[in-house]
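Right, one structure below, let's go through it.
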Amino acid sequence: MADDFDAIVVGAGMAGSSAAIRLAQGGANVLLLERGAEAGAKNLSGGLLWGHDLDRILPAWSREMPLERHLVRKRFGVLTPERSVSFDFDDVGWRTPPYVAHSVLRARTDAWLAKQAEAAGATVVPAVPVDRLAWEGTTARGVVQGGETMRAPITIVADGANSRVALGTPIRPQPRLSEEATELGVKEVYRLDASRIEERFQLGPGEGHAEEWVLGLYPPGVMAGGFLYTNRDTISLGVIANVRSLFGGAIPAHDLVERFKQHPTIRAALAGAELVEYGAKLISSGWASRPAAFHGDGWLVAGDAAGFVFSNGLVIQGMNYAIRTGLEAAETALAARAAHDASAARLAEYEARLERSGILADFRDFARIDRVKWNPRFYTAYPRFATSLFRSLLDPGDGPKRPLRRLLREAQRASGVRSRTLLADGLEALRDL
Ligand SMILES: Cc1cc2nc3c(=O)[nH]c(=O)nc-3n(C[C@H](O)[C@H](O)[C@H](O)COP(=O)(O)OP(=O)(O)OC[C@H]3O[C@@H](n4cnc5c(N)ncnc54)[C@H](O)[C@@H]3O)c2cc1C
């Protein structure tokens, strides 16, 4: 049977739209399918878009894409119920283009990217939830939706984390994601005038501020981090939690954000802001969440569907990897089209490209990151340690002054962690982060 397209891309997120744009620019007849009513309608990120990966396909993207603010400052800190300790990173280089990162709202950016795919010549069809790939043995021959098969020699799977198209197939033979490598992201968006955002966060026009917090706010065992990013006239705020640590119901998912935003430090940042949007999404991050293979006969997998989210507690980067892997998948598909060969052997070029570009190394070299990131002591004992230390350093009380070594010992006692454990955790963090 004749093919309907040269390539089909499943999912119009950052990975899928980038792939479709490059394929269309390379002269391929490409179909981009999106389950949402429009691209971006179902997408959710923190979200800071790092880097300049779109330069490769859209040289004017930083001027034309609906971006929110360019990042000029990042705050890191820990929260306990009564206290917070944080520090800011500022870099004058971040205040001039090309900017290091932009805050984005996916409903806007993804709709714009899908439009660029259409402008490049791709056929973009929203409101089509692909049911599965059309398999002929172990070869993918397109997609099936509502009983109808759309055929193509190459399909790029870019349908995000918890990919319905990949689970239970040669891409991910297991029926569900591993709990270990899965995180739950819960996010809210608050409206606040641009001028009040700029005054509150000491920003110039168009400048943005971002915060990442280690949350020592929850019952023991619950491990989560919080984020707050400024947009043009909104603030994005949310919590990313280790899914396994939520089992047993120590805290209901909706309380994760509630406790974060009720903390006095965060509440002040949101004063007068009005909730306009909320959502939740799974994240499968890191080497442990990679699929069984990145390519096979007739298929390639990119972005979150392939687990390309790097997150170490200080930064979360998934959109840039989605774009980069989408582009490498598209280049591979274009070369396969030229060679009239979509076999696994031919599509192995994708993995070689991921290797050459350093993408695989970014994940493989940090394969043990989760052991540090999801060490329960970072969410209980160490926030207590840091906040007790700073409290006694800054508020020594009326009694005699104590030297730093004593304050450190007292903070350690307050945290309940033995010196040996502290040292071991420190060494592990140095090795694996
Ligand atoms: C709370 C949270 C905060 C984050 N913060 C950041 C951040 O600050 N910076 C950063 O870089 N990354 C961040 N990420 C990660 C980032 O969002 C992802 O890495 C990125 O969105 C991956 O892009 P993608 O195109 O691979 O997948 P997605 O953006 O998930 O896009 C997949 C697309 O496929 C569509 N789809 C799904 N199933 C089907 C189907 N069956 N048929 C057709 N279409 C389908 C979806 O509707 C969607 O449009 C965050 C994630 C979360 C959840």
Checklist outcome for this item: Share of Cα-Cα pairs in the range 208-250 beyond 11 Å, whole percent, is 66 percent
Next on the checklist: Please rank PHE308, PHE366, fewest neighbouring Cβ atoms within 10 Å first, as an exposure proxy.
Outcome noted: PHE366, PHE308
Next on the checklist: Report the Cα centroid-to-centroid distance between the range 348-408 and the range 10-48 in angstrom, as an integer.
Outcome noted: 35 Å
Checklist entry - Within the P(r) computed for the range 274-433, what percentage of the Cα pairs occupies the region above 22 Å? => result 59 percent
Checklist entry - In nm, to one decimal, how far is the ARG232 label point from the LEU394 one, both placed 7 Å along Cα→Cβ? => result 3.6 nm
Checklist entry - Over the chain, what relative contact order in percent results from Cα pairs under 8 Å that are six or more residues apart? => result 19 percent
Item to check | the range 82-159: mean projected area of Cα convex hull, nm² | outcome: 11.2 nm²
Checklist outcome for this item: By Cβ neighbour count within 10 Å, fewest first, TYR321, TYR382 rank TYR382, TYR321
Item to check | 11 Å beta-carbon shell around VAL372, net charge (K/R +1, D/E -1) | outcome: +1
Checklist outcome for this item: Partner aspartates and glutamates whose C-alpha sits under 17 Å from that of LYS187, ignoring same-chain residues fewer than 8 away, are GLU68, GLU211, GLU212, ASP233, ASP255, GLU258, GLU274, GLU277
Item to check | Segment ALA2-HIS340, extension gain: residue separation times 0.36 nm, minus the distance between their alpha carbons | outcome: 120.3 nm
Checklist entry - What number in nm² do you get for the range 9-81 if you take the convex hull of its Cα atoms and divide its surface by four? => result 7.4 nm²
Next on the checklist: Would you work out the Kirkwood radius for the range 380-432? I mean one over the mean of 1/r across all pairs of different Cα atoms, in Å.
Outcome noted: 11.8 Å
Checklist outcome for this item: Footprinting proxy, MET150, MET319: sorted fewest to most Cβ within 10 Å, the residues are MET150, MET319
Checklist entry - Contour minus end-to-end for ASP365 and ALA41, with contour as 0.36 nm per residue of separation and end-to-end as the Cα-Cα distance? => result 113.2 nm
Next on the checklist: Loop by DSSP (not H, G, I, E, B), at most 13 other beta-carbon atoms within 10 Å: where is the longest site-free stretch of the chain for trypsin sites (Lys or Arg not before Pro)?
Outcome noted: 177-400
Checklist entry - Over what distance in Å are the Cα centres of the range 100-168 and the range 328-344 separated? => result 17 Å
Item to check | Computed [θ] at 222 nm, deg cm²/dmol, the chain (DSSP H ≥ 4; -39,500 (n - 2.57); rounded to nearest 500) | outcome: -9500 deg cm²/dmol
Next on the checklist: Using square roots of five times the C-alpha gyration tensor eigenvalues, list the equivalent-ellipsoid semi-axes of the chain in whole Å, biggest first.
Outcome noted: 42, 24, 19
Next on the checklist: Can you return the aspartates and glutamates within cross-link range of LYS401? Criterion is Cα-Cα under 15 Å, with same-chain partners fewer than 8 residues away left out.
Outcome noted: GLU410
Item to check | Pairs beyond 20 Å (Cα-Cα), from LYS42/LYS281; LYS74/LYS281; LYS42/LYS261; LYS74/LYS115 | outcome: LYS74/LYS281; LYS42/LYS261; LYS74/LYS115
Checklist entry - For helix 106-120, what angle does its Cα long axis make with the longest principal axis of the chain, in degrees from 0 to 90 and rounded to 10? => result 20 degrees
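We did not get these values from a lab; they are worked out from the coordinates using the rules stated. Note that the coordinates shown come from a computational prediction; the quantities given were computed from them, not determined experimentally. Here the Cβ is made from the backbone with ideal geometry for all residues, glycine too, and neighbour counts use every protein chain on show.
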